[in-house]
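What follows draws every value from the coordinates through simple rules; no lab data is involved. Bear in mind that the values here come from a model prediction, so they are computed numbers and not experimental data. Neighbour counts are summed over all protein chains in view; Cβ atoms, including those assigned to glycine, are modelled from backbone coordinates with ideal geometry.
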Amino acid sequence: MIKRALLILIIFISGNVLFAQKPVFRHYSVNEGLPSSEVYHITQDSKGYIWIATNMGVSRYNGKEFRNYDIQDGLPENTVFEVYEDETGRVWFIGFPFQLAYFKNDSIIPYKFNSVLRMIAGKGAVPVKKSFRVDKEDNVVFSFLREGKILQLSKSGDLTTLYDINLKLYNTAIASINDHLFAFQKGDSGEDILINIDFLKNGKEIKIEKSKKYSHGNVIVDRTIDGIIFFAQNENLCLIHPDGRYKSFDLKDRIFWISVHDDGSLFVGKEIAGVEKYNISSIENGFIEKYLDNYSVTSVFIDNEGGKWFSTIENGVFYLSNEGFYSYTKSEGLSGDNVKYVELFDDKIYLGLANNSFSYIEKNKVKVIKDIDSNLKQIKLLKSFKNKLLWIITDDYVYSFDKNAYKKFINNFKRIDINSRGSRSIFNVKDIYPISESEILLGEARGLSILKDGDVIYNSFYNDNVELRIESIERETDSSFLLGSLNGLWRFTGSRYEFLGVGSPLLKQRITDIVAFGEKDKYILGTKGSGLVVSMNDTIKQISRLKGLSSNSITSLLITGNDLWVGTNSGLNLIDIRDIGKANPNIVVFKKEQGLISNEINQLAGNKDYIYIATNAGLTVFDRKKHNPVKYVPPVYINSVSIMKRDTLVADNYRLLYNQNFITISYYGISFRDGGNLLYKYRLKGLSDDWVTTNNLEVEYAFLPPGDYRFEVIAINSDGIESSAPAVLNFVILSPFWKTWWFILLSVLAIIAGSFMFYSYRLRQIKKEHALQNDTNWYRQQSLTRQMDPHFVFNTLNSIQSYIIKNDRMASSQYLSKFAKLMRLILNNSQKQAVPLSNEIAALNLYMELESLRFQQKFEFSIKCDSSVDTEASFIPAFLIQPFIENAIWHGIMGLKTIGIISVNFTKVAGQLICTIEDNGIGREKSKAMKSETEKARKSLGISLVESRLNLLNNFYGVDMKVIFTDLYSDDKIPTGTRVVINLPIIN
């Protein structure tokens with residue numbers, strides 16, 4: 001073995017040594033859903049919602065999503081300076097100019113006396129923050145920055161001045177009304193500030209120096225539960241004891257906000273100078289924490305989980321879920337953000353970064369070690385041996401550091417072929433286990449090696465032909481080690497290897513880390529994809545995401561006392577070792593929402609006070625002394641209900657029909673520390689009393705049977721705290737009426753009555769059909785009679801005779817042939833209820849040819865049929881169309897002095913045949929005026945026969961046949977003809 005001692009005389013330190021710790025804030029801006037990044041105030045209402053006042057409206061936040069409100073939702077002004085909840089639960093919004101509204105029953109209601117407030121405030125009066133109240137009698141009490149008054153507006157709109165310092169010698173005052181402090185002042189003056197506090201014993205006047213930096217004053221006041229008053233005006237902060245003693249502090253920057261809190265802290269928000277936290281008992285010692293430097297902090301609020309909210313003018317809202325977490329990143333002095341390895345050694349925190357950098361943190365300062373070896377490659381592992389020796393594993397070599405000097409070790413195993421030695425990394429170490437200061441086990445990509453006194457004295461592949469990819473090593477007992485490999489768990493006793501996965505599939509998983517307890521078969525394994533595998537009390541069990549673990553891919557395990565810390569690719573988990581054997585051990589999950597800088601954890605190190613978490617985004621330090629577990633129970637609400645996929649108003653109870661049995665219920669719990677990522681358990685009593693655990697915010701129940709149901713849902717935060725009471729929804733699904741006793745009885749009676757009624761109805765129907773058939777036949781006969789009108793027959797025969805007398809044998813023969821064909825068609829059609837459309841068209845064509853010949857070509861005609869109509873397969877009732885053509889000739893065309901035109905068109909629309917008859921005659925009105933009484937009666941009879949027949953056919957075929965007459969006019973309103981539209985059924 002080659003020993004090489006590398007004495008590091010100088011550790012090169014990074015050029016900037018920084019005060020490095022930084023709390024991990026969660027940031028909310030317009031990108032996350034806020035209406036604006038200019039935020040003036042934050043508070044929390046009694047239901048648990050966070051309200052945020054901005055210059056673009058207000059926002060309500062439930063930990064998961066923002067609901068924004070502006071003037072379209074009822075706000076009188078979009079600029080809202082402050083939010084306040086009164087004793088009745090109404091949330092008030094103080095706008096600028098001074099206008100009020102309040103939130104009640106999920107609606108924003110403008111204050112009814114805003115017109116009075118507008119008069120009082122004028123164009124620019126600004127209300128003093130924290131100096132607004134609405135009392136039990138609905139009196140609104142407020143003060144302005146420069147008016148020097150406290151005003152009260154009663155519920156009836158009466159304005160009263162409660163306090164007026166314009167009548168006094170001082171220019172600023174603090175008053176107590178109904179145990180609430182109000183600060184107010186006159187306009188600016190050149191004198192020092194004289195503050196009157198008349199509610200202190202014997203009264204008190206305090207004199208402080210006027211600001212030399214700011215031309216106008218900003219005042220705000222707050223008080224502790226034991227009566228200590230804090231008053232701020234511009235950069236001056238004044239502490240006033242109940243006995244009148246006071247002290248003034250110059251905080252250098254204008255103060256926008258002060259608030260005292262139950263933990264004895266005072267927060268001071270400043271203009272472009274962040275927020276400072278003071279210990280009330282020792283303010284003179286200066287601030288103990290400072291956050292958000294270079295931001296103007298307008299308010300600070302500590303919610304019921306202990307999370308701290310900071311509103312800023314420049315960049316929205318910052319939320320600090322837990323002061324127990326802070327981080328180190330590149331901006332705090334690390335050479336990069338991706339921290340792969342962390343180890344504690346010599347009261348320092350050593351870090352191995354992905355960029356080959358090696359650093360340590362001492363007394364909150366980051367120091368970068370510039371050089372250990374000129375050939376130093378990426379650090380793969382850091383491990384301390386009893387705080388005496390730090391082992392540093394790189395891609396090629398193994399180093400040790402004894403607080404003074406580094407030693408470098410190469411793989412000098414004699415059985416490695418000298419030719420292959422150069423073609424592989426000298427070492428390819430995945431994990432080590434130091435046995436002593438001079439001996440370590442090396443878990444490598446190809447097997448197990450032993451490095452002792454600088455020499456590699458054993459290699460499993462070369463010595464025992466055992467090839468394993470060993471990713472974790474842990475001592476099990478004094479005589480055995482556990483080896484976590486790619487294919488499962490092995491035991492190494494120094495002379496033999498035993499595969500433990502033979503009897504359990506859980507021990508065949510890829511193992512990433514191991515913790516053991518000094519007894520055989522008592523250990524916990526971290527796996528890549530199967531969560532934790534626990535071997536205790538002769539049993540092997542699994543703890544996975546189904547049991548509450550944040551991920552099934554474990555990257556690192558750490559035990560401190562009775563606590564098991566589990567690092568994963570999705571957060572940090574804490575389990576009490578004493579509960580590990582339980583069926584459902586309590587698992588506390590920490591993620592970015594709780595303070596981690598990243599959920600992707602590479603390695604853990606730590607002790608009972610601090611946990612160090614190496615992540616891809618930096619190093620997070622968890623100060624357990626500062627950690628305050630959430631004790632507040634998360635409220636849970638049902639926010640929407642859908643019945644049969646249709647949203648409905650949320651109510652406590654529903655009474656539903658049997659077919660309204662598809663129910664969707666949405667709900668959410670409020671927890672800001674968990675970022676809305678809560679667990680839920682729910683059940684539907686009436687269907688099952690068993691609780692179901694889920695991460696979903698919605699549950700569906702499809703096709704529920706009739707019955708009484710009670711839906712209950714409970715929220716569970718990351719500390720395992722459940723809602724004190726479930727959100728409840730009751731509903732009843734009624735039985736279908738056919739399953740009720742009265743319906744069954746009525747059904748029997750109805751069947752009996754129905755049978756009798758059906759018999760009677762059928763008998764009547766048969767009689768009606770016979771009568772309908774007879775009527776139809778009679779009207780068809782009448783139509784035939786009309787179609788074979790004696791005048792038409794006589795006149796046609798006269799025309800034929802005229803051709804014969806004139807010895808026009810060709811014309812008389814054609815005329816007679818067409819007349820004979822027409823008569824034959826009419827007689828054939830008279831035998832049928834319905835005829836092919838082609839027959840009807842042929843008859844109409846012959847009829848109009850004969851009439852045209854008879855009237856010496858008095859008119860022209862055309863018959864067209866849409867190509868979509870099959871004239872041979874489409875049947876229509878006989879004798880319906882010809883009377884309308886006859887009317888067109890006799891009462892339309894005959895009155896013309898010019899050539900008449902008659903067009904007949906057949907089209908198919910929605911399963912019906914539409915016949916349109918259009919002429920260019922004199923129109924119906926003129927025709928009526930020219931008719932004799934006989935002609936009127938004749939026409940009326942013809943139309944009446946058709947209409948009566950249509951009514952009968954409607955009943956017979958169950959369709960809607962109708963005739964529509966339309967008078968046609970020119971642009972000059974001169975009659976230009978008539979259009980008749982007949983809807984006919986297509987009869988199969």
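Data table
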| item | result |
| --- | --- |
| Radius of gyration and Dmax over the Cα atoms of the range 375-467, both given in Å | 12.7, 39 |
| Charge dipole (debye, nearest 20) of the range 30-125; +1 at Cβ of Lys and Arg, -1 at Cβ of Asp and Glu | 220 debye |
| Calculated FRET efficiency for the pair H180/K112, C-beta based, R₀ 25 Å, to 0.05 | 0.60 |
| Aspartates and glutamates with Cα under 16 Å of K367, excluding same-chain neighbours fewer than 8 positions away | E332, D337, E343, D346, D347 |
| Three semi-axes of the equivalent ellipsoid, the range 684-742, Cα gyration tensor, whole Å, largest first | 31, 11, 8 |
| On Cα atoms only, tilt of 837-854 relative to the major axis of the chain in degrees | 40 degrees |
| Low-density loop positions, trypsin sites (Lys or Arg not before Pro), the range 96-165 - DSSP coil, at most 13 other Cβ in 10 Å | K112, K123, K136, K155 |
| Charge dipole (debye, nearest 20) of the chain; +1 at Cβ of Lys and Arg, -1 at Cβ of Asp and Glu | 2460 debye |
| For the range 450-489, average projected area of the Cα convex hull in nm² | 3.5 nm² |
| Over the range 840-931, equivalent-ellipsoid semi-axes from the Cα gyration tensor in Å | 26, 14, 11 |
| Karplus (6.51, -1.76, 1.60) ³J(HN,Hα), θ = phi - 60°, over the range 676-685, in Hz, Gly and Pro reported as x | x, 8, 9, 8, 9, 10, 9, 7, 10, 5 |
| J(HN,Hα) series, the range 52-67, from Karplus relation 6.51 cos²θ - 1.76 cosθ + 1.60, nearest Hz, glycine and proline x | 10, 9, 10, 7, 10, x, 10, 9, 10, 10, 10, x, 10, 8, 9, 10 |
| Residues with amide H under 5 Å from that of T298, placed H, sequence gap 5 or more | S311, T312, I313 |
| Label-point separation, S640 to L827 (7 Å along Cα→Cβ), nm | 7.8 nm |
| The range 126-199 - convex hull of the alpha-carbon atoms, volume per residue in Å³ | 84 Å³ |
| Tail fraction, Cα-Cα pairs, the range 41-194, threshold 21 Å, whole percent | 45 percent |
| The range 637-708: trypsin sites (Lys or Arg not before Pro) in DSSP loop, at most 13 other beta carbons within 10 Å | K645 |
| Principal axis box of the range 371-414, alpha-carbon based, largest edge first, Å | 28, 27, 18 |
| Spherically averaged projected area of the range 145-276 from its Cα convex hull (nm²) | 9.0 nm² |
| Amide proton proximity set for T615, modelled H, under 5 Å, gap of 5+ | V339, N602, T620 |
| Those chymotrypsin sites (Phe, Trp or Tyr not before Pro) in the range 680-739 that DSSP places in a loop and that have at most 15 other beta carbons within 10 Å | W691, F703 |
| Helix-only [θ]222 nm of the chain, DSSP H runs n ≥ 4, -39500 (n - 2.57) each, per residue, nearest 500 | -5500 deg cm²/dmol |
| Whole-Å semi-axes of the ellipsoid equivalent to the range 30-125 (Cα gyration tensor, √5λ, descending) | 21, 15, 11 |
| Virtual spin-label span in nm between N955 and N569, 7 Å along Cα→Cβ | 8.1 nm |
| Folded to 0 to 90 degrees: helix 741-787 orientation relative to the chain principal axis, Cα | 40 degrees |
| Anchor K864: lysines whose Cα lies under 21 Å away (excluding residues fewer than 8 positions away in-chain) | K818, K821, K908, K962 |
| FRET E, pair A405, K626, Förster distance 41 Å, beta-carbon r, rounded to 0.05 | 0.65 |
| Subset of K522/K547; K22/K681; K430/K582; K348/K370; K290/K386; K430/K520 violating a 28 Å alpha-carbon distance limit | K22/K681; K430/K582; K290/K386 |
| Charge dipole (the chain, unit charges on Cβ, about Cα centre) - positive-most of N411, S321, A811 | A811 |
| Net charge dipole size for the range 126-199 [Lys, Arg +1 and Asp, Glu -1 on Cβ; Debye, nearest 20] | 180 debye |
| Under 20 Å from the N616 label point (7 Å along Cα→beta-carbon), backbone N, the range 504-518 | 512-513 |
| Dipole of the range 375-467, positive direction: furthest Cα of I432, A445, I392, with charges on the beta-carbon | I392 |
| FRET efficiency estimate (nearest 0.05) - Cβ-Cβ, Q72 to R764, R0 60 angstrom | 0.40 |
| Crossing angle, helix 933-957 versus the chain [Cα axis fit, 0-90 degrees, rounded to tens] | 40 degrees |
| Geometric extent, Cα atoms of the chain - Rg, Dmax (angstrom) | 48.3, 148 |
| Cross-link reach list, lysines versus K414, counting only Cα pairs under 19 Å and skipping chain neighbours closer than eight places | K3, K452 |
| Farthest positive-ward along the chain dipole, Cα basis, beta-carbon charges - from V588, F249, N304 | V588 |
| Karplus-derived HN-Hα couplings along the range 84-99 (A = 6.51, B = -1.76, C = 1.60, θ = phi - 60°), whole Hz, x at Gly and Pro | 9, 9, 8, 5, 8, x, 6, 9, 9, 10, 9, x, 10, x, 4, 10 |
